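One structure is given below, encoded as structure tokens.
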Amino acid sequence: MATAEKVVKLGLVKEAGWLYYISRDGWVMRVSLYSSGNGERVAKIDVEVVPDDGVRRWLYFVDKEGDVARTSVSYSGGAEKRKKDGVVDCEAETDEVCEN
């Protein structure tokens, strides 16, 4: 398991009943676990959030200490792995006859 590296020290005090996440535009957001709706902004971070830098994929999150951290995640392979394993996507391949 990869260890997380601190990106920004916020010292955010997390409240119970809220899910905290990092938006693509660099905001720390929170949303209630008990009701649906849009998230609310908590803090703006001065770091460019790069989910994919061409070498690794990064997952940004708020850690236990209330700081913004990131960890690398592996590629799953997706469509290329299915194609290599001989699994054909019938919707993408119009010439193929698919049977289930």
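The values are calculated or read from the model by the stated rules, or taken from the named source; none is laboratory data. Model, not experiment: these values are computed from the prediction. With ideal geometry, Cβ positions are generated from the backbone for all residues, glycine too; neighbour counts draw on all protein chains shown.
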Requested in this report: Please tell me if Val97 is modelled with pLDDT of 75 or more and β-branched (Val, Ile, Thr).
Outcome: no
Report summary line: Scanning the stretch 26-39 for residues that are over 15 Å from Val8 (Cα atoms) and at pLDDT below 90 gives Ser35, Ser36, Gly37, Asn38, Gly39
Report task. Quick one: in the stretch 47-82, of everything that is farther than 24 Å from Arg30 by Cβ and hydroxyl-bearing (Ser, Thr, Tyr), which residue is modelled with the highest pLDDT? Result -> Ser72
